[in-house]
Protein chains: 2
Amino acid sequence: MKSANVKELLSMTPKLQEVTVNGWVRTFRSNRFIALNDGSTINNIQCVVDFENLKDDILDQINTGAALRIKGTLVESKGKGQSVEILVNDIFVHGIADPETYPIQPKKHSLEFLREKAHLRIRTSTFSAIMRVRSALAFAVHQYFRQNDFFYFHAPIVTGSDAEGAGEMFRVTTLDDKNPPLNDEGEVDYKKDFFGKETNLTVSGQLEAETYAMALGKVYTFGPTFRAENSNTSRHLAEFWMIEPEMAFYDLDANMDLAEDFIKYVINYILEHCMEDLQFLEQRLLDEEKSKPQAERSEMALIEKLKFVCENNFKRVTYTEAIDILRNSKPNKKKKFKYTIDEWGADLQSEHERFLVEKHFKCPVILFDYPAKIKAFYMRLNEDGKTVRAMDILFPGIGEIVGGSQREERLDILKEKMAALGIDEAELWWYLDLRKFGTAVHSGFGLGFERLVQFATGMGNIRDVIPFPRTPQNAEF
Amino acid sequence: MKSANVKELLSMTPKLQEVTVNGWVRTFRSNRFIALNDGSTINNIQCVVDFENLKDDILDQINTGAALRIKGTLVESKGKGQSVEILVNDIFVHGIADPETYPIQPKKHSLEFLREKAHLRIRTSTFSAIMRVRSALAFAVHQYFRQNDFFYFHAPIVTGSDAEGAGEMFRVTTLDDKNPPLNDEGEVDYKKDFFGKETNLTVSGQLEAETYAMALGKVYTFGPTFRAENSNTSRHLAEFWMIEPEMAFYDLDANMDLAEDFIKYVINYILEHCMEDLQFLEQRLLDEEKSKPQAERSEMALIEKLKFVCENNFKRVTYTEAIDILRNSKPNKKKKFKYTIDEWGADLQSEHERFLVEKHFKCPVILFDYPAKIKAFYMRLNEDGKTVRAMDILFPGIGEIVGGSQREERLDILKEKMAALGIDEAELWWYLDLRKFGTAVHSGFGLGFERLVQFATGMGNIRDVIPFPRTPQNAEF
């Protein structure tokens with residue numbers, strides 16, 4: 001008899017059919033009721049055991065975490081909270097879980113405790129819900145772009161170019177670790193390294209994605225990126241997944257339209273496909289916030305917040321307008337900001353972004369047309385000569401979730417920008433080629449996938465939304 | 001007026017509607033016919049220019065590779081090969097491409113030449129077709145697993161465990177390259193490195209995927225993996241994308257069923273969605289093979305071969321049966337194999353795999369139940385004590401495309417295997433935990449995505465099916 005998964009069983013009409021299901025024991029109570037879960041859904045199926053028919057040695061093995069194969073009859077449930085249950089005829093124990101040593105017992109564990117057990121935390125309702133939502137979001141990303149005629153582009157992970165300057169990088173090498181070969185100048189001779197040059201882990205696939213956009217029209221990356229920054233915060237990972245669409249013939253307005261439409265699509269997708277997991281996560285967040293003072297609690301419950309994002313236009317505001325708002329804001333005048341906003345040109349800190357999003361506009365905000373000086377070299381200079389066609393999307397509770405721009409498509413201006421910043425043209429000869437041959441208006445953005453998962457699941461620490469987080473001093477598993 | 005892409009335009013019914021399209025000039029002939037391509041399809045749209053209405057200085061700028069915005073009237077085409085064309089009213093030149101310096105001229109370029117220009121080769125019909133097929137295959141992967149209740153799992157890329165032994169690894173570090181800190185033993189002090197330990201780029205996400213399968217039931221990875229092997233061949237990359245499904249409660253038979261069903265699904269997907277690109281690639285392969293002797297040409301044309309895979313059962317053969325076939329084969333008896341097959345236990349070389357697939361069975365073959373000694377430590381030992389529940393899928397022209405196994409779920413036997421191979425239990429404490437707590441039969445496989453793209457596109461060199469290949473002495477772009 002073929003086995004069914006728990007999700008399928010829970011949607012069946014009970015007609016006394018014989019069923020087989022495999023899964024892990026979540027709880028076993030009164031020597032009679034096994035709550036079995038197989039990861040297919042947040043819900044367990046209740047398996048009712050007739051004590052008389054169970055051998056004693058099997059009874060001892062039915063503990064939280066044990067893997068079982070259960071055969072039985074699917075019947076209407078008399079209990080609360082489920083429509084069907086299994087009257088058990090036969091139990092096979094795949095593997096036990098000794099209650100003396102198994103760490104994931106049916107009680108409340110702290111997120112910190114579970115982070116140390118990242119290989120087992122996925123067996124909890126919280127983490128299985130997070131990771132199912134994460135998986136659904138990832139699929140929605142691919143589906144959105146496919147439906148909109150984008151091509152998926154795999155950017156290289158190991159890169160020989162270090163010109164983007166998005167952050168500190170990890171070196172990739174096979175040279176002897178203690179005594180690397182040296183060249184005539186007494187420096188490490190990377191010509192003898194695997195790739196014949198110094199190589200690093202990519203911080204962004206954007207520049208390479210531009211090469212593909214300028215031929216395929218619309219492309220996107222979705223892959224790992226890396227930052228060797230010593231940031232031990234709840235918002236930073238050394239290894240994270242990024243989504244970077246890049247579109248030929250898109251100006252900044254089209255870019256903002258796309259980003260907003262994209263985010264709404266993927267959030268809508270999980271509202272349609274992950275409601276049970278989201279309801280669980282919403283309740284988890286409510287419970288967590290009960291211990292906080294009222295002022296620090298979320299204004300909206302999780303699902304309400306997700307719907308709000310889907311149903312409302314993102315507010316589009318120029319950097320210059322934002323500076324005016326901030327300069328005249330109460331916290332600025334009362335010196336409540338750590339960094340007071342005095343004049344145009346200041347870089348915005350997350351306290352300012354949060355004020356704009358959470359206090360002033362109370363909705364997602366797209367800031368655009370930033371000062372050229374605080375943005376990357378490849379962003380298109382406006383006619384005013386001092387701002388660039390950059391945009392950041394700011395989300396409540398998360399801060400910056402998207403950073404993008406129209407790209408500088410004019411060869412002469414791009415070269416000037418690079419020269420001013422000391423970026424070697426020889427390093428980016430291929431990037432300049434795009435401006436020499438068939439250049440055109442084009443745009444793109446980057447979205448940190450884990451930030452999106454945090455927003456979608458209400459998890460406060462980014463280490464809880466990726467299976468095995470990599471952070472300073474931590475690469476376990 | 002909103003612009004349409006070329007694919008949309010070519011599917012429209014011409015009704016003298018005004019249209020706008022952006023794209024790049026593929027060819028311009030008779031000062032009258034522009035073949036414009038925007039990457040949305042392999043086909044160009046013909047734009048007919050009335051010479052009298054064109055300013056001379058614009059005419060000079062219309063060369064292969066130039067980026068244009070064209071406005072005009074969509075009419076039925078009088079020419080061959082297209083149903084519609086555009087009578088041009090207006091041309092805007094986004095960017096020129098000087099024919100003296102632009103490398104991608106409308107003539108035959110060798111694949112070797114184009115590899116040096118990996119940022120521009122995507123502007124050719126061949127590479128745009130390959131990368132559209134690659135993108136469609138990637139989407140089909142995600143769609144297949146989603147439809148079959150798998151969850152997408154992002155395996156870590158930077159890993160502190162080096163126990164799998166699948167191949168040589170790249171070190172990831174931020175230590176000083178020339179004078180790394182040393183510990184009391186005089187060795188490099190990795191406690192001072194970014195992650196507080198020695199870290200490498202992953203060779204496989206399997207072991208981590210097992211942790212998720214043992215909670216979510218069915219998961220898959222699809223991400224980059226790395227091998228620091230000095231293999232300068234047409235079959236090896238230092239960085240490649242791998243798909244690794246892992247399923248709780250699946251035995252080897254279920255694993256083989258899944259792998260076969262999966263491959264057929266994704267091949268069928270491109271037959272349904274990429275036929276024009278496949279037809280182009282089929283013709284390219286036919287042209288390429290014209291210069292080869294008859295014996296070296298493919299027996300089937302590309303599309304016929306893809307359909308054959310979808311429509312025929314893969315032949316399942318034990319290693320032991322395969323050894324018998326090989327031992328008694330003509331090339332073995334006539335010493336035509338480089339490595340003669342004398343006895344049971346020999347590792348199969350690609351010459352043997354190709355003989356089985358291309359000469360003996362003439363269809364995809366799944367070999368299973370290999371000698372334990374030539375397979376990895378985590379594969380499940382059979383009752384005979386000498387073979388393991390491993391399986392490899394061999395494809396014509398490609399060789400091994402899938403390698404998988406049922407995993408050893410028994411703690412004691414797994415420990416014995418690790419001890420025999422000198423694998424430190426402390427390194428894999430978390431992997432062993434899976435066997436301590438709720439262990440169960442489980443299985444999985446790995447499929448090299450680029451091998452699949454090679455098979456699907458008929459490309460002989462793996463460097464031509466990934467945007468920016470990484471190989472020994474090469475990490476350009």
Inset, instruction - Might you report the magnitude of the Cβ-based charge dipole of the stretch A:6-106 about its Cα centre, with Lys and Arg at +1 and Asp and Glu at -1, to the nearest 20 debye? - result: 400 debye
Inset, instruction - Give, in nm to one decimal, the length gained when the segment between B:ASN232 and B:LYS192 is fully stretched (0.36 nm per residue of separation minus the Cα-Cα distance). - result: 10.9 nm
Legend entry - Mean-position separation - Cα centroids, the stretch B:50-87 and the stretch B:308-360, in angstrom: 56 Å
Inset, instruction - Indicate the helices, whole DSSP H runs only, in chain A that combine a mean Kyte-Doolittle hydropathy of -0.5 or more with a Cα extent along their long axis of 30 angstrom or more. - result: A:125-147, A:252-273
Inset, instruction - Could you tell me what percent of the DSSP beta bridges with both partners in chain B are antiparallel, to the nearest 5? - result: 90 percent
Legend entry - Of B:THR20, B:GLY79, B:ALA66, farthest towards positive along the dipole that unit charges on Lys, Arg, Asp, Glu beta carbons give the stretch B:6-106: B:GLY79
Legend entry - For B:THR387, distant residues with modelled amide H under 5 Å away: B:ALA372, B:ASN382
Legend entry - Cα-based radius of gyration of the protein assembly as shown once divided by 2.2 N^0.38 Å, which approximates compact folds: 0.99
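Divide, for the stretch A:276-337, the radius of gyration over alpha carbons by 2.2 N^0.38 Å, where N is the residue count.
Output field value: 1.56.
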Inset, instruction - Whole number please: convex hull volume per residue, Cα atoms of the stretch A:7-138, in Å³. - result: 122 Å³
Legend entry - Size of charge dipole - the protein assembly as shown - debye, nearest 20, with Cβ of Lys, Arg +1 and Asp, Glu -1, no other charges: 1620 debye
Legend entry - Per-residue mean of C-beta atoms belonging to partner chains within 10 Å, peptide B:94-102: 4
Inset, instruction - Would you list, by chain and number, the aspartates and glutamates whose Cα falls below 15 Å from the Cα of B:LYS191, excluding same-chain residues fewer than 8 positions away? - result: A:ASP177, A:GLU476, B:ASP176
Legend entry - Relative contact order (%) - criterion: Cα under 8 Å, at least six apart; region: chain A: 13 percent
Inset, instruction - Over 14 Å, how big is the tail of the calculated P(r) for the stretch A:49-122, in percent of all Cα pairs? - result: 70 percent
Inset, instruction - Just give me a number: lysine pairs in the stretch B:211-340, eight or more positions apart or cross-chain, with C-alpha atoms less than 21 Å apart. - result: 10
Inset, instruction - Return the Cα extents of the stretch B:141-237 along principal axes one, two and three, sorted largest first, each rounded to a whole Å. - result: 53, 37, 20
Inset, instruction - At 20 °C and 1.002 mPa s, grab the translational diffusion coefficient of the stretch B:1-45 from Stokes-Einstein with a Kirkwood Rh over Cα pairs, rounded to a whole number in µm² per second. - result: 192 µm²/s
Inset, instruction - Bin all alpha-carbon pair distances of chain A at 20 Å intervals from 0 and give each bin's fraction as a whole percent. - result: 20, 46, 27, 7, 0
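Ordered by packing density, taken as the mean number of other Cβ atoms within 10 Å over each peptide's residues, highest first, how do A:285-296, B:186-197, A:354-365 rank?
The densest-packed peptide leads the list: A:354-365, B:186-197, A:285-296.
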Inset, instruction - Determine the relative contact order of the stretch B:378-477: mean sequence separation of Cα pairs under 8 Å and six or more apart, normalised by residue count, in whole percent. - result: 23 percent
Legend entry - Innermost chain A residue relative to the axis carrying A onto B, by Cβ distance in angstrom: A:HIS142, 2
Inset, instruction - Mind listing the long-range amide H neighbours of A:VAL84? Cut-off is under 5 Å, sequence gap 5 or more, other chains count too, H placed in the peptide plane at 1.01 Å from N. - result: A:SER77
Legend entry - Inter-chain Cβ neighbour average for residues A:135-147, partner chain, 10 Å: 4
Inset, instruction - Evaluate the relative contact order of the stretch B:6-106 (contact order divided by residue number), counting alpha-carbon pairs under 8 angstrom at least 6 apart; express in whole percent. - result: 30 percent
Inset, instruction - Please give the average number of partner chain Cβ atoms lying within 10 Å of the Cβ of each residue in B:34-42, rounded to a whole number. - result: 3
Inset, instruction - Report the percentage of all Cα-Cα pairs in the stretch A:383-461 whose separation exceeds 21 Å, rounded to a whole percent. - result: 47 percent
Legend entry - Proximal lysines relative to A:LYS197, as straight alpha-carbon distance under 21 Å, when same-chain residues fewer than 8 apart are discounted: A:LYS178, B:LYS117, B:LYS178
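Values quoted throughout were computed directly from the atomic coordinates according to the rules given, and no laboratory measurement underlies them. Source: prediction; values computed, not measured. With ideal geometry, Cβ positions are generated from the backbone for all residues, glycine too; neighbour counts draw on all protein chains shown.
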